Amino acid sequence: MTARLIDGKAAAASLRATVAAEVAKFRSATGRSPGLAVVLVGEDPASAVYVRSKGKATVEAGMQSIEHKLPADTSEAELLALVDQLNSDPAVDGILVQLPLPPQIDANKVITRIDPDKDVDGFNPVNAGRLAIGLPGFVPCTPLGCLKLLRAELGDLAGKHAVVIGRSNIVGKPVAMLLLAEHCTVTIAHSRTRNLPAVVRQADIVVAAVGRPNMVKGDWLKLHATVIDVGINRVEGDDGKSRLVGDVDFASAREIAGAITPVPGGVGPMTIACLIRNTLVSAARRDGYQLPEDL
Ligand SMILES: Nc1nc(=O)c2c([nH]1)NC[C@@H]1CN(c3ccc(C(=O)N[C@@H](CCC(=O)O)C(=O)O)cc3)C=[N+]21
Ligand SMILES: [Mg+2]
C-alpha cells in the first residue's frame, strides 16, 4: 500500500478560513483589524514571491497588510530604525522581516530588535526561550505548521519517536522543542550524525529539514512511518525546467511510509496559514481579547 498523502494545501485553506472567521469577530468586538508588517530588503525573486503570497493571505483573512520594500543597499541602522518604528506603531500587531538579509546587515541583530510580543515569526531569542521552557509566546510558523499536520494525521503524539533531521534555529530546533512538549521521544540528527539511515529507521515520525534535495530514501524508513518533508529545493528536471522537490525522495518514500507530505502542497502552505494565525493571536493578546484555545 502506498502512503496516504497529507494535504497541506487543504489543511492550510481550512486554517485560513477559521482565522478569517475569528478575525471578523475580533473586528466587530474591537473595531479594528489585526495588522501584519512585512519587510523585504532587496529583490531576491523567491523572497518577493513569498512576500506577495503572505500579503495576499493577510488581506484574504480580513487583516491589514503593511509592506515595506527597501533597496538592497539599505544599511543595518536604517533597517533597525524601521523596526523601532513598527514596534511602536499601535496598528502593527505582527512584524516579519523576510530572510535572508543582504550581507551588510546582521540578521540576529534585527531579529533581536523586533518586539517579542510582535514577533509573529517566533525568531526572537525571547520567543525561542519561551518555547524551550514552555511559556506562552510565538512559535515559528513552519514548525507550528508541521505540528498541526502531525496532530491532524496521528492525534496524540505522546511516546512516539520523532527523528528531526536538521538543527536550524528556524525549523529543526523549534520543531524538536514542540515535539518534546507533545511528549515525543525526540532525536535531532544533522550533517555529523553517524549512520543516519539507521537513526531514521527508528522513527515513528520523520521531520526532514536539511535543504538537501531527495536525501531521505524510502529504505531509511520504518514501515508506515509518518514523514513531514520541510525541504523546498528548486532543481532542474529531466525536461530542463525547474521544479520543487523536498528533502525526501518522494517516489521511494511513499512505498514505505504510512503518510507523507508532498512538495509542493505540504508544509509550505501551512507556513503562511500559521503566520496569519500568529498575527491574529498577537492582536488578541495585545487587546486582551479571548480567542478559541485550539486555534
Ligand atoms: N522571516 C521569514 N519568515 C519566513 O517564514 C520565511 C522567510 N523569512 N524567508 C523564506 C522562508 C520560506 N518560506 C516559505 C513560505 C511559504 C512557502 C510555500 O507556500 N510553498 C508552497 C509553494 C512554493 C512555490 O511554488 O514556490 C508549497 O510548498 O506548496 C514556502 C516557503 C517562508 N520563509
Ligand atoms: Mg543542519
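Just so you know, all these numbers are worked out from the coordinates, no wet-lab data involved. These figures come from a predicted structure and were not determined experimentally. In this analysis, Cβ positions are derived from the backbone assuming ideal geometry, glycine residues included, and neighbour counts consider all displayed protein chains.
Key figures for this structure:
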read-out	value
The lone exception for residue 247 - which of (1) in contact (Cβ under 8 Å) with a residue 60 or more places away in the chain; (2) within 16 Å of ligand 2 (Cβ to nearest atom); (3) more than 24 Å from residue 100 (Cβ to Cβ); (4) not aromatic (Phe, Trp, Tyr) it fails	(3)
Single residue of segment 16-43 satisfying the filter (outside any helix (DSSP H, G or I) and surrounded by fewer than 17 Cβ atoms within 10 Å (Cβ to Cβ)) that is farthest from the chain's Cα centre (by Cα)	31
Which listed residue, of 275, 291, 295, is farther than 16 Å from residue 162 by Cβ and in contact with a Gly (Cβ under 9 Å, 6 or more places away or on another chain)	275
Qualifying residue in segment 171-188 (condition: over 21 Å from residue 139 (Cα atoms) and of a type in the set (S, T, N, Q))	no
Selected residue [out of contact with any Leu (no Cβ under 7 Å at 6 or more places or on another chain) and either surrounded by 14 or more Cβ atoms within 10 Å (Cβ to Cβ) or touching a residue at least 24 places away in the same chain (Cβ under 8 Å) (or both)] from 114, 105	114
Top-ranked residue of segment 135-171 - restricted to ones that are within 16 Å of ligand 2 (Cβ to nearest atom) and farther than 18 Å from residue 225 by Cβ, ranked as nearest to the chain's Cα centre (by Cα)	142
Among (1) more than 21 Å from the chain's Cα centre (by Cα); (2) in a helix (DSSP H, G or I) - the single one residue 72 does not satisfy	(2)
